[in-house]
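The values are calculated or read from the model by the stated rules, or taken from the named source; none is laboratory data. Bear in mind the structure is a predicted one, so any value in this text is a computation, not a measurement. We place every Cβ from the backbone using ideal geometry, glycine too, and count neighbours over all the protein chains shown. The accessibility values were calculated without ligands, DNA or RNA, using every heavy atom of the protein model including side chains. Shrake-Rupley method; radii C 1.70, N 1.55, O 1.52, S 1.80 Å.
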Amino acid sequence: MIELQGVSKAYAGDIWALRQVDLTVARGEFVILTGPSGAGKSTLLRLLNLSARPSAGRVLLEGTDLSRLPGAEVPQLRRRMGVVHQDFRLLYDRTVFENVAFAMRVLGLPEAEIKRETLAALERCGLQGKGGLNPHKLSGGEQQRVAVARALVHDPGLILADEPTGNLDADNGWEVFKLLLAANLRGATVLVATHNQNAIHALAKRTLRLRDGRIESDGVPPLGGMDETLPPGPLPAVEVRP
Amino acid sequence: MTLRYLLHEALRQAWRQRLLTLVAVSALGLAALFAGAWALLWRNAQHWEASLGQASQLAVYLRPGANGAAQASALAAAQAVSGVAGVELVSPEQARQSMSADPQVKEALDLLGDNPFPAVLKVRLGSDAPADLAAVSQRLKALDGVEEVDAGQGAVESLLKASGALRTTLLGLLALFSAAALLIVAAVLRLAAWSRRQELGIMRLVGASHAFIRAPFLLEGLLQGLLAGALAAGLLAFTLAWLSARLAADLQVDLAAFLPQGVDGVLALQLCGACGLLGLLGASLGIATVTLAYEDEEAH
């Protein structure tokens, strides 16, 4: 589904965020991107959602070369994705329902369908009964679940999540991972950038470790194992039930 | 993308930035007022010109003492002049008789004894255009036995000149205010777009097309223009009605005699349409810079 061929990305001409990255992600895979800050995780996701273009190499999504995609076709491609950010990126002058429905309105769907799918997405994300509230009135975890609901509401084939649990405590973070796992089980390909080593080991999914713009390692960590080089922390008190 | 959604977004955005909206509507409204005043003057000037042309009649005074044969000769010559539709001879006797209808004038004439009036040819023009007055007047003046031609030409030309100058001035002001209104609308909607850049970023993130992002802004510009046009038409109509009432009450002057063409539905629609287009154009300019910035950002 996703193929990166010799992809490099430089900002301001000579600050290299990615260097000669080759990567293949199959449809339906759950892939975790990890590594220190500045390793290139976010840049890789930005290349996939076309917020940036590669300086060299090719980014292919279902055979389409994103690096050469005309600007007019970018919106069409983005409608097939769901994107979640660390800072939620919600509209605070609209209700939770309107925030989630936003992604459907862009598709020009009938109002009845927008309402039905939005309510279903809110329910899936444990936000039933909160559609009429302003996001300000929700906790951080709930706000991130609104962002996830917005990313999932139109049932995208690809979900890109950039540090989705970075601003959340362990329990709320784990709730978000569970929602992403559920979407993956429904068939979506998921790429998540995270520093959360506990979640990485609890999930035991394919993990790409990036450093200095290069893929340092690519594999599945042992289930429940911990990286000894990282500070210890308790696993969330939530059972992994994909 | 439903019209209802776009309308809701445009109105919501306008309300959220009501001060800026007020500035944009005021600028457009001012331009609309000048446009309305210009249109009113243009319409009424056309009416004045037509009226003046229709009422144009020259008085050709024959030399004092011209006898019947000389009067008949001048009458025939005047009838043959190009641009003349009809000529009526008023003899000195007829003139005296006509003027004697006023007892005071009759008394004065009686005191004078001799008839002071010359024979006069009343000439009707063949054209409605007052511009023909000068040419016909020149031709008549060149005829034998003609002492003087009174065309009332100076007054007509002055009136037309004043009307033309006023129209040109108003047109200049209209152009100036339209350009200013255009820039203000563009700046207001650009500010609106920048203040909503996070929202626009999210729209782009979820796959909104440029048209989807721009449409509420364009609609907002159009609505601002329509509102400004309607307000300007209403204000012009109100001002004319108020002025008419004041002139009638204080000076017993009928404004409709000078300005027979007022603000009607057609003029109101024309103002709304023109202002709507101006608003749309301003919005288009304003939002173009923002979306171009996004495109530039995405290209890197």
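Estimate the FRET efficiency between B:Gln270 and A:Ala204 by the formula 1/(1 + (r/R0)^6), using the beta-carbon distance for r and 56 Å for R0, to the nearest 0.05.
That gives a FRET efficiency of 0.20.
Mind checking the mean number of beta-carbon atoms from other chains within 10 Å of the Cβ atoms in B:195-205?
Mean number of neighbouring Cβ atoms from other chains: 5.
What is the helix-to-structure angle for B:210-251, meaning the angle in degrees between its Cα long axis and the longest Cα principal axis of chain B, kept from 0 to 90 and rounded to the nearest 10?
Taking the Cα atoms of chain B, the angle to B:210-251 is about 30 degrees.
Give me the percent relative contact order of region B:57-151, please, defined on Cα pairs under 8 angstrom at least 6 residues apart.
51 percent
May I ask you to derive the relative contact order of chain A, considering only C-alpha pairs under 8 Å and at least 6 residues apart, and to give it as an integer percent?
Reported as a whole number, the value is 25 percent.
Calculate the dipole size of region A:1-105 relative to its Cα centre from +1 charges on Lys and Arg beta carbons and -1 charges on Asp and Glu beta carbons; express the result in debye to the nearest 20.
120 debye
What residues have an amide H closer than 5 Å to that of A:Phe30, excluding those fewer than 5 places away on the same chain, when H is modeled at 1.01 Å from N in the peptide plane?
Placed amide hydrogens put A:Val190, A:Arg206 under 5 Å from A:Phe30.
Roughly how many debye, to the nearest 20, is the charge dipole of chain A about its Cα centre, given +1 on each Lys and Arg Cβ, -1 on each Asp and Glu Cβ, and no other charges?
The calculation lands at about 440 debye.
Over what distance in Å are the Cα centres of region B:166-192 and region A:135-156 separated?
First find each Cα centre; the distance between them is then 44 Å.
Throw me the Rg/Rh for region B:57-151, computed over C-alpha atoms with Kirkwood Rh, two decimals.
Rg/Rh for region B:57-151 comes to 1.03.
Kindly state, to the nearest 0.05, the FRET efficiency for B:Ala162 paired with A:Arg58, given R0 = 56 Å and r defined as their beta-carbon distance.
Using R0 = 56 Å, I get an efficiency of 0.15.
May I ask you to list the residues of region B:198-242 whose amide nitrogen lies under 19 Å from a point 7 Å from Cα along the Cα→beta-carbon direction of A:Glu113?
B:206-209, B:212
Per-residue Cβ counts within 10 Å, from other chains only, averaged over B:207-213: what number is that?
6
Could you please state how large a percent of the accessible area of chain B is carbon and sulfur, counting protein chains only and using a 1.4 Å probe?
Result for chain B: 65 percent of the exposed heavy-atom area is carbon or sulfur.
Enumerate the amide H contacts of A:Ala10 below 5 Å, restricted to partners 5 or more residues apart or on another chain; note that Pro and chain-start residues carry no placed amide H.
The list, which skips near neighbours in sequence, is A:Ala17, A:Ser55.
First obtain the Kirkwood hydrodynamic radius of region A:31-172 from its Cα pairs, then insert it into the Stokes-Einstein equation at 20 °C and 1.002 mPa s, and state the resulting D in µm² per second as a whole number.
Estimated via Stokes-Einstein, D reaches 133 µm²/s.
Considering the options B:His210, A:Ala202, A:Phe102, tell which one lies farthest towards the positive end of the dipole of the protein assembly as shown, charges being +1 on Lys and Arg and -1 on Asp and Glu at the Cβ, about the Cα centre.
Working it through, the farthest residue towards the positive pole turns out to be A:Ala202.
Find which of B:Thr239, B:Ser100, B:Ala59 sits farthest along the positive direction of the dipole of chain B, computed with +1 on the beta-carbon of Lys and Arg, -1 on that of Asp and Glu, about the Cα centre.
My answer, from the dipole projection, is B:Thr239.
Bin width 5 Å, origin at 0, all Cα-Cα pairs of region A:108-201: what percent of pairs per bin?
3, 13, 24, 24, 20, 11, 4, 1, 0
Compute the distance from the alpha-carbon center of region A:64-112 to that of region B:214-266, in whole Å.
What the calculation gives is 45 Å, centre to centre.
What FRET efficiency comes out for the pair A:Arg68/B:Ala175, r = Cβ-Cβ distance, R0 = 60 Å, nearest 0.05?
The value I calculate is 0.85.
Give me the extension gain from B:Ala108 to B:Leu11: residue separation times 0.36 nm, minus the current Cα-Cα distance, reported in nm with one decimal.
Stretched fully, the B:Ala108-B:Leu11 segment lengthens by 27.2 nm.
Solvent-accessible area per residue for chain B at a 1.4 Å probe radius, Å²?
The answer is 52 Å² per residue.
Which three numbers, in whole Å and largest first, are the semi-axes of the equivalent ellipsoid of chain A derived from its Cα gyration tensor as √(5λ)?
Those come to 28, 24, 15 Å.
What is the set of long-range amide H partners of A:Ala161 at a cut-off below 5 Å, with H atoms built 1.01 Å from backbone N?
Sorted by chain and number, the residues that satisfy this are A:Val84, A:Leu191, A:Val192, A:Ala193.
Would you mind computing, in nm to one decimal, how far apart the modelled labels at B:Tyr61 and A:Ser37 are, each placed 7 Å from Cα along Cα→Cβ?
Between B:Tyr61 and A:Ser37, the simple spin-label model gives 10.1 nm.
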